[in-house]
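Asker: Dropping a structure here in structure tokens format, bear with me for questions.
The values are calculated or read from the model by the stated rules, or taken from the named source; none is laboratory data. Only a predicted model underlies this, so the values are computations on that prediction, with no experimental measurement involved. We place every Cβ from the backbone using ideal geometry, glycine too, and count neighbours over all the protein chains shown.
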Amino acid sequence: MKKLLELLSEEMGKAFEAAGYDASLGRVTPSNRPDLCEYQCNGAMAGAKQYRKAPIMIAKEAAEKLAGSAVFKEAEAVAPGFLNLKLSEEYLLNVVSGMAQEPKFGLELPETPKKIIIDYGGANVAKPLHVGHLRPAVIGESIKRICRYAGHEVIGDVHLGDWGLQMGLVIMGVKERQPDLVYFDEEFQGEYPKEAPFTISELEEIYPAASAKSKEDAAYKAAAMEATYKLQSGARGYRALWRHIMNVSVADLKKNYGSLNVEFDLWKGESDVHDLIPEMVAYMKEGGHAYISEGALVVDVKEEADTREVPPCMILKSDGAALYNTTDLATIMERMRLYHPDEIIYITDKRQELYFEQIFRCARKTKLVDGDTRLKWIGNGTMNGSDGKPFKTREGGVMRLENLIRETRDEMYRKIREGREMSGEEAENVAETVAVAALKYGDLSNQASKDYVFDIDRFTSFEGDTGPYILYTAVRIKSILNKYKEQGGSLENLRLRAAGNDSEKALQMQLAQFNAMMQAAAEEKAPHRVCAYLYDLANDFNHFYHETKILSEEDRERKESMLALLMLVRDVMETCVDVLGFSVPEKM
Ligand code: ARG
């Protein structure tokens, strides 16, 4: 379905043409004086030079041609040459009824859907998720859902950090605690136990302890590096132990991501491309791109137009070990082979900007990617505390994501219990759903690249531009519809009619912008657009709700029309909430 502004611009363009001007002058935009009109067109101003005529004259002529228009009920030329426009209620009704019948509310789907891989999450095995992992997960999940809704084929990959030094450290930590485990017996030929020799909480103690020790004890660190090397070279016992670490850790990561409604299609990691590295290295050498510099294998990626220093991309360290770069590049190679995507999108902290610039240049230069595969990096800003610095615990440490979620849930629970009558158990369930919305909306309503301040009181508030406000509005609509059913009404075959007052019209106009908004959000990979739309829609609905009696309306046709409108608002809101990655509870 065409977008409302396109339809309006076409109508306006026809008027310009009928008056003897170029149709392209008819571009219509939302009014920036909503007190005067709903839409405006500044085409006459633009045409004045071309036609050597006063803009007001051109505007007047175009306005005259709109007399009797089925689209605009008012078109007024005002000095110095603006066109102030008001929409016909009947026309708006046609657009909104059309949208209610179309799949995806009239969103136009791409002729050739793209295959997109989104690399987000970035969790590290054996290390708990912390607040730094919140933003890539939340933003990536939403971009995945938005692009999917917009008709693309999207694959989400967590890209675990599962192959680096931290694995050697964990192995060392386990060895220290349980040196007699069969994994450390090099002579052992039999089958390794199925049970992991540790629980997740033990694992979570092992890593930080080993990591701390390695910072003080050089020999210990060397041993951990040696263990990493042995693991990577395929030592049987280490591989078996590693698999246990993976299983225990991934189960826990799934649970934690799951509590935020973050779901990955692929649980791949750095380790998955280990075997591709020799081939990739050979390929880069053969192509004449990779060369040895100070013992390391590097690819130059600086470009003439650079205004800053872009260091070479290191492929292998002087001891032959693979790096973070190496696995990211080999992953590109693997993704091209397995999926041949049109686009790979990475979401990470914005401090990795230079890193991804190097990786992308290297992948292009060495032709690991085809020319028509796009590589895109989205750098997210940080979530800060009230001091404007990256968010910390009260003790000044890094906050675990689990605890952040718990604190938000507790605060949400408190607010829910405070305001309404609900059993403790019900309130707990509701608090869980609403807390996820509070956190995610608080994050996503900001442009991804901007930093923001985590303000638990504001995020969990039922008023203002917050997740709970959005959900509260959706729940309000649901409860009106439920009440109507309880009163014996049926929600089947309700007919939508032209808006009966200004606030209803405003609500319809907002609904009609859905397809344009969602298309832009998908093109720009911008969840904050969906948030802004939802907030406006919720405000328009609440305004309408406060000004209009709905269930007590006596005119049956009018009442049914308003209920049909409510159903549409509910469905659109739920769709938006879903692509943002949270959900609407039944009650609140
Ligand atoms: N594991 C990395 C970290 O904790 C993030 C991974 C980001 N994704 C990527 N493809 N490099 O810093």
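Asker: In the set Leu329, Leu354, which member is out of contact with any Asp or Glu (no Cβ under 7 Å at 6 or more places or on another chain), surrounded by fewer than 16 Cβ atoms within 10 Å (Cβ to Cβ) and assigned to a helix (DSSP H, G or I)? Before you say what the answer is, go through the steps one by one.
Answerer: Details: Leu329 fails: surrounded by fewer than 16 Cβ atoms within 10 Å (Cβ to Cβ).
From the options Leu329, Leu354, the qualifying one is Leu354.
Asker: For the range 103-121, which residues satisfy the criterion of being in a loop (DSSP other than H, G, I, E, B) and at positive phi? Walk me through how you get there before you give the answer.
Answerer: Going residue by residue through the range 103-121, those that are in a loop (DSSP other than H, G, I, E, B) are 107-114, 120-121.
Once the filter is applied, which keeps residues that are in a loop (DSSP other than H, G, I, E, B) and at positive phi, the range 103-121 yields only Gly121.
Asker: Quick one: Glu17 ticks every box in (1) at pLDDT 95 or above; (2) more than 15 Å from Lys505 (Cα to Cα); (3) in a loop (DSSP other than H, G, I, E, B) except a single one, so which number is it?
Answerer: (3)
Asker: Follow-up. Being part of a helix (DSSP H, G or I), among the acidic types (Asp, Glu) and buried (at least 18 other Cβ atoms within 10 Å of the Cβ), is that true of even one residue in the range 277-286? Reasoning before the result, please.
Answerer: First, the residues of the range 277-286 that are part of a helix (DSSP H, G or I): 277-286.
With among the acidic types (Asp, Glu) added as a condition, the list becomes 279, 286.
The next check asks that each one be buried (at least 18 other Cβ atoms within 10 Å of the Cβ); those that pass are none.
Within the range 277-286, none of the residues are part of a helix (DSSP H, G or I), among the acidic types (Asp, Glu) and buried (at least 18 other Cβ atoms within 10 Å of the Cβ).
Asker: Are any of the residues in the range 119-139 under 30 Å from Gly173 (Cβ atoms), among the basic types (Lys, Arg) and crowded, with 22+ Cβ neighbours inside 10 Å?
Answerer: Just the residues of the range 119-139 that are under 30 Å from Gly173 (Cβ atoms), to begin with: 119-137.
Next, only the ones that are among the basic types (Lys, Arg) stay: 127, 135.
Narrowing further to those that are crowded, with 22+ Cβ neighbours inside 10 Å: 135.
So far as the range 119-139 goes, yes, one or more of its residues are under 30 Å from Gly173 (Cβ atoms), among the basic types (Lys, Arg) and crowded, with 22+ Cβ neighbours inside 10 Å.
Asker: From the list Asp35, Asp22, which residue is within 36 Å of the chain's Cα centre (by Cα) and charged (D, E, K, R)? Steps first, please.
Answerer: Details: Asp22 fails: within 36 Å of the chain's Cα centre (by Cα).
Step by step, each of Asp35, Asp22 is checked, and only Asp35 is within 36 Å of the chain's Cα centre (by Cα) and charged (D, E, K, R).
Asker: Under 6 Å by Cβ, and 6 or more places apart or on different chains, what pairs join a residue from the range 318-330 that is at pLDDT below 95 with one that is exposed (fewer than 15 other Cβ atoms within 10 Å of the Cβ)?
Answerer: Pairs found: Ser318/Gly295.
Asker: Name every residue in the range 485-540 that is surrounded by fewer than 18 Cβ atoms within 10 Å (Cβ to Cβ), aliphatic (A, V, I, L, M) and assigned to a helix (DSSP H, G or I), in order of residue number.
Answerer: Scanning the range 485-540 gives Ala520, Ala532.
Asker: Are any residues in the range 376-414 assigned to a loop (DSSP other than H, G, I, E, B) and acidic (Asp, Glu), and if so, which ones? Before you say what the answer is, go through the steps one by one.
Answerer: The first filter runs over the range 376-414 and keeps only residues assigned to a loop (DSSP other than H, G, I, E, B), leaving 381-382, 385-389, 391-399.
Result: Asp387, Glu395.
Asker: Pull up the range 351-407, narrow it to residues that are of a type in the set (D, E, K, R) and within 16 Å of the ligand (Cβ to nearest atom), then point me to the one that is farthest from Val436 (Cα to Cα).
Answerer: Going through the range 351-407, the residues of a type in the set (D, E, K, R) turn out to be 351, 353, 357, 361, 364-365, 367, 370, 372, 374, 376, 387, 389, 392, 394-395, 400, 402, 406-407.
With within 16 Å of the ligand (Cβ to nearest atom) added as a condition, the list becomes 351, 353, 357, 361, 374, 376, 400.
Values: Arg351: 26, Glu353: 29, Glu357: 33, Arg361: 37, Arg374: 32, Lys376: 27, Arg400: 16 Å.
In this case the residue turns out to be Arg361.
Asker: Hey, another quick one. Tally the residues that are aromatic (Phe, Trp, Tyr) and in a helix (DSSP H, G or I), restricting the search to the range 415-464. Before the answer, list the steps.
Answerer: Looking only at the range 415-464, we keep the residues that are aromatic (Phe, Trp, Tyr), and these are 441, 452, 454, 459, 462.
Cutting the leftovers down to in a helix (DSSP H, G or I) gives us 441, 459.
Residues that pass the stated criteria total 2.
Asker: Now a separate question. List every residue pair whose Cβ atoms lie under 8 Å apart, where the two residues are 6 or more positions apart in sequence or sit on different chains, the first residue falls within the range 436-465 and is on the phi > 0 side of the Ramachandran plot, and the second residue, located anywhere, is not aromatic (Phe, Trp, Tyr).
Answerer: Between residues of the range 436-465 that are on the phi > 0 side of the Ramachandran plot and residues that are not aromatic (Phe, Trp, Tyr), the close pairs are Gly464/Arg458.
Asker: Let me ask something else about it. Taking helices (runs of 4 or more DSSP H) that do not extend beyond the range 122-222, which have at least 1 residues that are farther than 25 Å from Gly442 by Cα and at pLDDT 95 or above? Quick ask: steps written out before the conclusion?
Answerer: Numbers: elements: 134-149, 165-177, 200-216.
So the answer is 165-177, 200-216.
Asker: Quick one: Tyr441 ticks every box in (1) under 18 Å from Gly121 (Cα atoms); (2) within 16 Å of the ligand (Cβ to nearest atom); (3) among the aromatic types (Phe, Trp, Tyr) except a single one, so which number is it?
Answerer: In the conditions (1) under 18 Å from Gly121 (Cα atoms); (2) within 16 Å of the ligand (Cβ to nearest atom); (3) among the aromatic types (Phe, Trp, Tyr), Tyr441 misses (2) alone.
Asker: Taking only pairs six or more apart or across chains, which ones have beta-carbon atoms under 8 Å, a first residue in the range 514-542 that is free of Cβ contacts under 8 Å to residues at least 60 places away in the same chain, and a second residue that is in a helix (DSSP H, G or I) and among the charged types (D, E, K, R)?
Answerer: Final answer for the pair search is Met517/Arg529; Ala520/Arg529.
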